[in-house]
Amino acid sequence: MRRIIYTAKAIIKDNLSNKTTIFFVIAFPLFLAMIFAFAFGAVNHTVETVVVNQQGLGRFLNTSAMFIGITSNISVHSALLHNYFVVNVSKNDTIIYYPSNYGYLVPSLKALILEYKSNDSSMVFTLYSGKGFTGSEFVISGMIGVIALSNGVFGVTGVSTGYYRDKLVDRLAASPLKNHEWVISLMIYELVITLISIVPLFLLGIALGFIPAIGVLFIVFLLLGTLTFSGLGAVIVGITPKEKIFVSQIAANIITFPLIFLSNAFFPTVDFPGIIRYIVEYQPVSILNDIIRGLIVYRVPPSPFNILYIFLLTLVLVMLGGKTLRLREAD
């Protein structure tokens, strides 16, 4: 354990004294968050509408370019938190619950409902508004998964590649340090830089009016997510021929950037077309963001499926990373 602590401290000290590392740990996440947080409101999003006991209306809304109609047992409170509309249509009355930041879409929704009801002039609309998430809340919470991914993958591949290039790995291999101690030391470094990264991100969120509900579960899943992607980074480095170790950073880019931008970090999954939507919904960054967003924005616990998904993925990738990333061939 002592060797792990000493090695982790050395890695942390070495890398946090590097200006490039500081940029990617602090400045890069803030840069992405600000771009998407301020651009979020200018993007034309598809709005998901929950239609209660009206499958026909749901199908009709699906023909519009503005709404997606679904039926669901979701509560009104939960629906509004997710920026969904809830529509309850009876014979001559329609109740519309809408997130207050999407009030500008209510006239269009009313017009579509009237069209569906053959312009019934006796139709009476009752409107209720509630708090939904803001663009900054969505993006800031989504950046947590991006930070866990980028720090985990780029952190491990960057440190390992640099240490191989500078022959530091040869010196470590000649020391009593064991392979698993080397891997654990790297992952401790990733956990530390992830905790550092989220501080300025949350300060930005607070400046934009978002007060995250930070609790023990949030920290647990943040660290689990970081371990997951650190394991992925370890696998990438581990299977890369050491005489071509630079290839690991190319592979990290090829894997990481699609996971960042084809996720729910910056846009809801309903904004993605066709089959891509399902890929986005169930890829690891999106699952982690669902958990994080639920905890710090919606204040709801993660689903059993998401918990099992993250725990199993973390276990598999950390074990594979420990097996493939080695200081020496035999230990």
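Odds and ends about this structure:
- Once exposed loop trypsin sites (Lys or Arg not before Pro) are cut out (DSSP; at most 16 other Cβ, 10 Å), longest piece of the chain: 179-298
- Angle between the chain longest axis and helix 284-293 axis [Cα atoms, degrees, rounded to 10]: 60 degrees
- Gyration tensor verdict on the stretch 64-209 (Cα atoms; rounded if a/c is under 1.5, prolate if a/b is larger than b/c, oblate otherwise): prolate
- For a modelled paramagnetic label at F31, 7 Å from Cα along Cα-to-Cβ, the residues of the stretch 199-222 in reach, with backbone nitrogen under 20 Å, are 199-205.
- Cα gyration tensor category, rounded, prolate or oblate, for the stretch 1-147 with a/c compared to 1.5: prolate
- Relative to the longest principal axis of the Cα atoms of the chain, the long axis of helix 28-40 lies at roughly 10 degrees.
- Around the Cα centre of the chain, unit charges on the Cβ atoms of Lys, Arg, Asp and Glu (plus for the first two, minus for the last two) sum to a dipole of about 760 debye.
- One quarter of the convex hull surface built on the alpha carbon atoms of the stretch 47-130 amounts to 4.7 nm², the projected area averaged over directions.
- Rounded, prolate or oblate (a/c below 1.5 giving rounded, otherwise prolate when a/b exceeds b/c) for the stretch 161-307 by Cα gyration tensor: prolate
- Relative to the longest principal axis of the Cα atoms of the chain, the long axis of helix 216-239 lies at roughly 50 degrees.
- Over the chain, dividing the summed -39,500 (n - 2.57) contributions of all DSSP H runs of at least 4 residues by the number of residues returns a 222 nm mean residue ellipticity of -20000 deg cm²/dmol.
- Beta bridges per DSSP with both ends in the chain, % antiparallel, nearest 5: 20 percent
- Cα-Cα P(r), the chain, percent of pairs per 20 Å interval: 29, 47, 19, 4, 0
- Stretchable slack from K167 to S118, in nm (0.36 nm times residue separation minus alpha-carbon distance): 10.1 nm
- By the rule of a C-alpha distance below 17 Å, with chain neighbours fewer than 8 residues away ignored, the aspartates and glutamates paired with K131 are E48.
- Placing unit charges on the Cβ atoms only, positive for Lys and Arg and negative for Asp and Glu, gives the stretch 47-130 a dipole magnitude near 60 debye about its Cα centre.
- If R0 equals 35 Å, the separation of the Cβ atoms of V247 and S175 corresponds to a calculated FRET efficiency of about 0.85.
Computed from the coordinates by the stated procedures, all read-outs in this text should not be read as laboratory data. Predicted model, so just to flag it, every value in this text is computed and none were measured. Note: ideal-geometry Cβ built from the backbone for every residue, glycine included; neighbour counts use all protein chains shown.
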